[in-house]
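Okay, structure first, notes after.
Just so you know, all these numbers are worked out from the coordinates, no wet-lab data involved. Quick caveat: nothing in here was measured; it's all calculated off a predicted structure. Cβ sites come from the backbone with ideal geometry, for glycine too, and all protein chains shown count toward neighbours.
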Amino acid sequence: MPDIYTIGEVLVAFITKDVDSVEFSKEFTLAIAGAEANVAVGATRLGLDVALQSRVGKDLLGTVVLNHLSAEAVKVDLMKRSDRFTGTMVRNQGNTNPIDVSYLREGSAASEMQPDDINIEALLASQWLHVTGITCAISKSAQETVKTAMQLAKNGMVKTSFDLNIRKKLWSSEDARAALLPLMKDVDLLIGGVSEFELVFSDQDPEINLRRAAELGISTAIMTDGPNLMRISQVGERFNYTPITRATVDPVGSGDAFVAGLLSGLIGGLTLPSAVAQGSECGSLVASNVGDWTGLPYGTKGVMK
């Protein structure tokens, strides 16, 4: 049975190779992306068993997704294939220009996800359920799938981690807050940026937002701020952490790598500060390479070698 059970859309990404502009590029690198898939690969490389629930198309890109994930030892037997297309994104590297992403995901196979897709036996046998705000944004049925999984996890005493991951190209701030705030009561570990906490918890003071998260019963909240200090609250206790930084080549996926390292470390028996440090190391390694998975380290039983 998996150590981590995660739910989310897997995308095929086409990343500019020759120039840092989608408009002017003539060469692209194919990669697999999606927050939950990135976490799954990161945790698998660190020696854990991870099951990913999703839907991909019956098209060739769907086959590419399954092949790439299987090659990374992610358990894909819970993934279904659909007559709809596999979600796709096109983006630049973001090393000299701001990241510019174009999505082809409205109406994708993953947007058809339903609560009935959940493998309850596998979920309840896992140590952690990991979900993100992105899945909640792609469709109402996907949002309901996340909500149902979180309720099942809570009832079955499976810990739940939630990465806010608010993508404003997918929904409005108002819709995001209305959907995400009610879910927070079922979260054990919450990760998000300063602005994402502000959107959900409605205050401009980061410390107040951390306290509001704790008041909802979230035992651990981690507020990131790029290369700046992370604010961390654990059962009401506060401490900060200075992230590890390397020269950034491609920042996309580094946040998911952080989550993978963090969760894996906790499952592997690390203390929270040590797990945060491992997550930071994973994130910096990914940011220093092109692609969401490139640079992800390997380990044993959740701990880096």
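Amide H contacts of GLY47: GLY299, GLY302, each under 5 Å away and 5 or more positions distant or on a separate chain (H built 1.01 Å from N in the peptide plane; Pro and chain starts excluded). Counting neighbouring Cβ atoms within 10 Å and putting the fewest first, the residues LYS301, LYS154 line up as LYS301, LYS154. Treating each Cα of region 159-305 as one equal point scatterer and applying the Debye formula with no solvent, the log10 of I(q)/I(0) at q = 0.19, 0.20 Å⁻¹ comes out as -1.17, -1.26.
Taken over the C-alpha atoms, the chain has Rg and Dmax values of 17.8, 52 angstrom.
Residues in region 287-299 carry Karplus couplings, in order, of 5, 8, 9, 8, x, 5, 9, 4, x, 4, x, 10, x Hz; the curve used is 6.51 cos²θ - 1.76 cosθ + 1.60 with θ = phi - 60°, and Gly or Pro positions show x.
Hey, any idea what the orientation-averaged projected area of the convex hull of region 1-140's Cα atoms comes to, in nm²? Before the final figure, lay out each step's value.
Working: hull surface 34.9 nm².
Convex hull of Cα atoms, orientation-averaged projection: 8.7 nm².
Values of log10 I(q)/I(0) for region 91-240 across q = 0.08, 0.19 Å⁻¹ run -0.24, -1.20, by the Debye formula with one identical scatterer at each alpha carbon and no solvent.
The phi-based Karplus calculation (6.51 cos²θ - 1.76 cosθ + 1.60; θ = phi - 60°) puts the 3J(HN,Hα) values of region 102-107 at 10, 9, 10, 9, 5, x Hz, whole numbers, x for Gly and Pro. Just so you know, the Cα atoms of region 111-160 work out to an Rg and Dmax of 10.3, 28 Å.
Which residues make up the longest stretch of the chain clear of GluC sites (Glu not before Pro) that lie in a DSSP loop with no more than 14 other Cβ atoms within 10 Å, not counting the sites? Intermediate values should be presented prior to the final figure.
Values: sites that count: GLU23, GLU27, GLU106.
After excluding every exposed loop site, the longest remaining stretch is 107-305.
Between exposed chymotrypsin sites (Phe, Trp or Tyr not before Pro) in the chain, where DSSP calls loop and at most 14 other Cβ atoms lie within 10 Å, what's the longest gap? Show your work: numbers first, answer last.
Values: sites that count: PHE24, TYR298.
Counting at most 14 other Cβ atoms within 10 Å as exposed, the longest clean stretch of the chain is 25-297.
The calculated Kirkwood hydrodynamic radius for region 23-95 is 13.4 Å, given to one decimal from all distinct C-alpha pairs. Per residue, the Cα convex hull of region 259-301 amounts to 53 Å³.
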